[in-house]
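What follows draws every value from the coordinates through simple rules; no lab data is involved. Source: prediction; values computed, not measured. Here the Cβ positions follow ideal geometry from the backbone for every residue, glycine too, while neighbour counts run over all protein chains shown.
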Amino acid sequence: AQKVTQTQTSISVVEKTTVTMDCVYETRDSSYFLFWYKQTASGEIVFLIRQDSYKKENATVGHYSLNFQKPKSSIGLIITATQIEDSAVYFCAMREGQGGRALIFGTGTTVSVSP
Amino acid sequence: GGIITQTPKFLIGQEGQKLTLKCQQNFNHDTMYWYRQDSGKGLRLIYYSITENDLQKGDLSEGYDASREKKSSFSLTVTSAQKNEMAVFLCASSIKGRPTEVFFGKGTRLTVV
């Protein structure tokens with residue numbers, strides 16, 4: 001069965017610095033897709049970035065980037081030049097490759113960015 | 001673009017009551033999901049549906065029923081509400097078979113008194 005684990009419950013950083021969040025996953029599929037989502041204080045959940053298991057290159061979108069370490073089943077999220085608005089809960093999620101599989105989430109990491 | 005609409009936004013029920021939450025999407029997505037989020041916790045999958053008339057149980061399906069009446073709508077029923085239960089139920093949708101992102105509704109907040 002698939003499983004996603006985020007061990008860091010909360011991280012505090014100062015504005016304009018870099019924050020890194022960890023996520024490890026378990027799957028028996030050779031093909032899978034990894035996602036990071038952000039939940040704002042209002043409760044809205046938005047998609048941030050995605051990594052396909054067959055791609056060796058780490059995905060990057062704006063000031064979000066991933067550290068994909070396939071042998072370690074690890075997909076870390078890196079946010080550079082953090083802003084106050086980056087304060088949120090960040091969820092790691094995985095979907096196995098075969099059609100019809102559900103998206104499974106980790107428990108989330110709360111990031112607080114202070115001035 | 002599209003939108004996922006969940007109704008009601010707030011739901012207060014009594015212990016033992018059967019409660020129904022509704023979700024509509026206009027993305028024309030095939031797959032729809034119901035997740036439960038307890039305060040300060042992650043999203044746990046209750047049910048999902050790959051296409052109309054399909055239902056798949058998630059890890060948290062006990063105590064819930066689901067119905068995919070048509071492609072655009074997906075309902076969740078709490079079969080017997082538990083006292084002091086408080087959670088947000090999130091509906092989501094995605095394109096079938098493609099590893100694209102999942103889009104979420106704004107949630108239904110359930111309180112059982």
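Per residue, the convex hull spanned by the Cα atoms of the stretch B:1-50 measures out at 117 cubic angstrom. If you look at the Cα atoms of the stretch A:74-115, you get an Rg and a Dmax of 13.7, 44 Å.
Please give the net charge around A:Pro115, taking every other residue with its beta carbon less than 14 angstrom from that of A:Pro115, where Lys and Arg add +1 and Asp and Glu add -1.
Working: positive: A:Lys16; negative: A:Glu15, A:Glu85, A:Asp86.
Around A:Pro115, the surrounding residues sum to -2.
Using the eigenvalues of the Cα gyration tensor, what equivalent ellipsoid semi-axes result for the protein assembly as shown when each is taken as the square root of five times the eigenvalue, whole Å, largest first? If you can, show how the numbers build up before the last one.
Values: eigenvalues 173, 90, 47 Å².
Semi-axes from the Cα gyration tensor: 29, 21, 15 Å.
Taking trypsin sites (Lys or Arg not before Pro) as exposed when their DSSP state is a loop state and no more than 13 other Cβ atoms lie within 10 Å, the longest site-free interval of chain A runs over A:57-115. Summing Lys and Arg as +1 and Asp and Glu as -1 over all other residues whose Cβ lies under 14 Å from the Cβ of B:Arg68 gives a net charge of 0. Shown here are the Rg and Dmax of the Cα trace of the stretch A:1-42, at 13.7, 39 Å. Calculated on the Cα set of chain A, radius of gyration then Dmax: 13.8, 44 Å. Along chain B, the longest continuous region that contains none of the GluC sites (Glu not before Pro) in a DSSP loop with at most 13 other C-beta atoms within 10 Å is B:63-113.
A Förster distance of 30 Å, applied to the separation of the beta-carbon atoms of B:Glu62 and A:Thr40, puts the FRET efficiency at 0.45. Between the stretch B:63-113 and the stretch A:1-40, what is the C-alpha centre distance in whole Å? Comparing the Cα centres of the stretch B:63-113 and the stretch A:1-40, I get a distance of 23 Å. Positive contributions from Lys and Arg (+1) and negative ones from Asp and Glu (-1), summed over other residues with Cβ under 11 Å from the Cβ of A:Thr5, come out at -1. Evaluated at q = 0.10, 0.12 Å⁻¹, the base-10 log of the normalised Debye intensity for chain B, with identical point scatterers placed on the Cα atoms, takes the values -0.26, -0.37. Among A:Ser74, A:Ser12, sorting on how many other beta-carbon atoms sit within 10 Å of each Cβ, with the fewest leading, yields A:Ser12, A:Ser74.
Filter the chymotrypsin sites (Phe, Trp or Tyr not before Pro) in the stretch A:52-110 to those in DSSP coil with at most 12 other Cβ atoms within 10 Å of their Cβ, and list the result.
Details: sites: A:Tyr54, A:Tyr64, A:Phe68, A:Tyr90, A:Phe91, A:Phe105; in loops: A:Tyr54.
The qualifying sites are A:Tyr54.
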